[in-house]
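Here's the structure we're looking at; comments come further down.
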Amino acid sequence: QQQVKQSPQSLIVQKGGISIINCAYENTAFDYFPWYQQFPGKGPALLIAIRPDVSEKKEGRFTISFNKSAKQFSLHIMDSQPGDSATYFCAASLSLQGAQKLVFGQGTRLTINP
Amino acid sequence: DAGITQSPRHKVTETGTPVTLRCHQTENHRYMYWYRQDPGHGLRLIHYSYGVKDTDKGEVSDGYSVSRSKTEDFLLTLESATSSQTSVYFCAISEAGVYYGYTFGSGTRLTVV
């Protein structure tokens, strides 16, 4: 019940296309759903996040769609660029003693072909 | 990342030896976390701290211990390293409140031979 399942494991998209990564969870106690972007040799960096009382959040070319009833959420990258090539992780947060305990998906390696 | 430093960046150690990884922050954040990253598993929480001397276990805590004697430092110790602990270890910090997200360090690549 603590798991977050992410798909696909890898994704190749042409420049200018739309990249879509999907995640699903079971635990309804999760209260925050961030996405992280990681480049080789670096730590993950917060990309965009959504609260469960919101169905969509858009920041520039990045959009999170959130379906609370289905317990699913997804990341859409519009007009994908070669610089977007990275590994993306979805996550879900549980609050414990005020800390955010993040449960991560398995990751998606995104490659944008020029 | 600015404000959070992990050391060492790389380490090779032998099976059975103790290893300590250090996370140092200059942000004065209350919450600190240790994760390990392995292919196919994403990042998994080892231990976290919600204040000086206040720590708790995560989902993969067996074989690891932590200490936090100062706000800025969070140490992860492998008491007796095993090959299954070969991984990339990330420290993260967060502010109080639910919706701030983590700031991660650059990671420590640990190889146990």
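For region B:1-55, the list of trypsin sites (Lys or Arg not before Pro) that fall in a loop by DSSP and count at most 15 other C-beta atoms within 10 angstrom reads B:ARG9, B:LYS53.
Dipole size of the protein assembly as shown about its Cα centre, with +1 on Lys/Arg Cβ and -1 on Asp/Glu Cβ: approximately 240 debye, rounded to the nearest 20. Computed over protein heavy atoms with a 1.4 Å probe, the carbon and sulfur contribution to the accessible area of region A:1-66 reaches 49%. Simple spin-label estimate for B:VAL52 and B:SER7 gives 2.1 nm between the two label positions (7 Å along the Cα-to-Cβ direction from each Cα). Were the residues from B:THR77 through B:GLU95 laid out at 0.36 nm apart, the gain over their Cα-Cα distance would be 4.1 nm. With contacts taken as Cα pairs under 8 Å and at least 6 residues apart, chain A reaches a relative contact order of 37 percent. Each Lys or Arg adds one and each Asp or Glu subtracts one; over the other residues with Cβ under 12 Å from the Cβ of A:SER65, this totals +2. Cross-link partners for B:LYS57 among the lysines, with Cα-Cα distance under 28 Å and sequence neighbours closer than 8 places in the same chain left out: A:LYS5, A:LYS42, A:LYS71, A:LYS101, B:LYS11, B:LYS70.
The simple spin-label model puts a point 7 Å past each Cα toward its Cβ; for A:THR111 and B:GLU27 those points are separated by 3.3 nm.
When chains B and A come together, the accessible area they lose, probed at 1.4 Å and totalled over both chains, is close to 2000 Å². In region B:4-112, a dipole from Cβ-located charges (positive for Lys and Arg, negative for Asp and Glu) runs towards its positive end, and of B:GLY105, B:HIS10, B:ILE46 it is B:HIS10 whose Cα lies farthest in that direction.
The mean sequence distance of close C-alpha pairs (under 8 Å, at least 6 residues apart), as a share of the length of chain B, puts its relative contact order at 36 percent.
The values are calculated or read from the model by the stated rules, or taken from the named source; none is laboratory data. Here the structure is a predicted model, which means the values were calculated and not measured. We place every Cβ from the backbone using ideal geometry, glycine too, and count neighbours over all the protein chains shown. Surface accessibility is based on the protein's heavy atoms, side chains included, excluding ligands, DNA and RNA. Shrake-Rupley method; radii C 1.70, N 1.55, O 1.52, S 1.80 Å.
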